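Values quoted throughout were computed directly from the atomic coordinates according to the rules given, and no laboratory measurement underlies them. Keep in mind the model is a prediction, meaning the values are calculated, not measured. Quick reminder, even Gly has a Cβ in these numbers, built from the backbone with ideal geometry, and neighbours come from all protein chains shown.
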Amino acid sequence: MKNTFFLLIITLFACGREMPGNQSIVNYKYKKTLMKKTYFADFNFRGDFEIIFNGITLTKSKEDAVVSGIEYLNPYISKSGEQTIMLIVKPLNKDYKIPVKDVKDYFIDIIYTDNGEASPTHNVKRCSFPVTDKPADSLIYSWKFNADVPFELDQLSDAKDLTKENLDQLLKEVIEKYKSIHSIINDGKIDQYMDIYNQSLKREMISMYYDKKRQEEYLNEIREFILGGKNHMLPLKNFKLHINPNGKIVELEDFKGKPALVSEDDKEKSTYGLQLYKSNKTGNLEVY
């Protein structure tokens, strides 16, 4: 378990989380509490895996390499109380099984820090698979823990159950939304992009306890990141529809589970996540 300083940097967004926007500063009154806790999922393993938190895919990989990460959880916590995290692990080669000796290597540590600070960290729960006595075709398990946060944010209370939608029609609508965002980034229309992510911004910054100064820094970081995609967006292709396990959030991803929106210049590739839900009130796809 890490008990020292660790950094949360904007590359979280470059790795496929949705990019919040809007340039307005958010004022929010938190419930009275002694501490403002920031929760994280800390992991380090390899293979074909997916981490799902409260029904939303946090991260996934199909690479034959060790993946280490600290995913912050607050933006996906709607209120204090019971939270659920799930880990799915499969062999990279479908003809193989997961050896018994490897099962112990797959675990997630739930940790938190106080008052929006980066350290020190406190242990909440180690999420490890039950002991098995035979090789497994896959490992699937979920764990629960209680979170204590001073906010209530439920952006998905207005969300439709997408599993009941016509999937062909849903795919067309999602593609159109992605094409629009693709064009906005490629044309460098930063203000328009930022405005589209208004609600996502509020959820992100409130849940992470950003003060006015940090909000301004954060928005500038995002604007700079988006500007880097101007005239560098790759064609939107080779993707599939992914409806998150909660049935409310949809996105496009490539066949390795990576975001479909990608830019590339002479230095690097960047990815732009876009998670959408369909409003019951308007019937439109909105950014989560």
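Descriptive notes on the structure:
- For the stretch 207-264: lysine pairs under 29 Å (alpha-carbon distance), excluding those fewer than 8 apart on one chain: 13
- Förster-model FRET efficiency, 51 Å R0, Tyr96 and Tyr30, C-beta, rounded to 0.05: 0.55
- Once backbone amide H atoms are built at 1.01 Å from N, Lys248 has Leu162 as its partners under 5 Å, excluding neighbours fewer than 5 places away on the same chain.
- Gain in span if fully extended, Asn123 to Glu221, counting 0.36 nm per residue against the direct Cα distance: 32.3 nm
- Geometric descriptor of the stretch 98-212, per residue, is 222 Å³ (volume of the convex hull of the Cα atoms).
- Average projection area in nm² (convex hull over Cα atoms of the stretch 200-288, one quarter of hull surface): 7.8 nm²
- Each peptide in 33-43, 170-180 receives the mean, over its residues, of other Cβ atoms within 10 Å, and ordering these scores from highest gives 33-43, 170-180.
- The calculated Kirkwood hydrodynamic radius for the stretch 29-145 is 15.4 Å, given to one decimal from all distinct C-alpha pairs.
- Asp133-Ser157 FRET efficiency (beta carbon distance; Förster radius 41 Å; 0.05 resolution): 0.40
- Among Ile111, Ile140, Ile88, the residue with the largest mean-square fluctuation in a Gaussian network model of the chain, with springs joining Cα atoms closer than 10 Å, is Ile140.
- Largest GNM mean-square fluctuation across Asp102, Asp161, Asp191, computed for the chain with C-alpha springs under 10 Å, falls on Asp102.
- Taken over the chain, the percentage of Cα pairs per 5 Å bin, counting from 0 up to the bin with the maximum distance, is 1, 5, 11, 15, 18, 18, 15, 10, 5, 2, 0, 0.
- Ser68-Asn166 pseudo-label distance in nm [points 7 Å out on the Cα-to-Cβ vector]: 5.0 nm
- Between Phe145 and Leu234, residue separation times 0.36 nm minus the direct Cα-Cα distance comes to 28.0 nm.
- Of the DSSP H helices in the chain, not one has a Cα length along its own long axis of 18 Å or more together with a mean Kyte-Doolittle hydropathy reaching 0.0.
- Binning all Cα-Cα separations of the stretch 133-288 at 10 Å, short to long from zero, yields these whole-percent fractions: 9, 31, 34, 20, 5, 1.
- Fraction of alpha-carbon pairs over 16 Å apart in the stretch 119-174 - percent: 73 percent
- For the chain, a Gaussian network of Cα nodes joined below 10 Å ranks Glu268, Glu217, Glu63 by mean-square fluctuation, and the top entry is Glu268.
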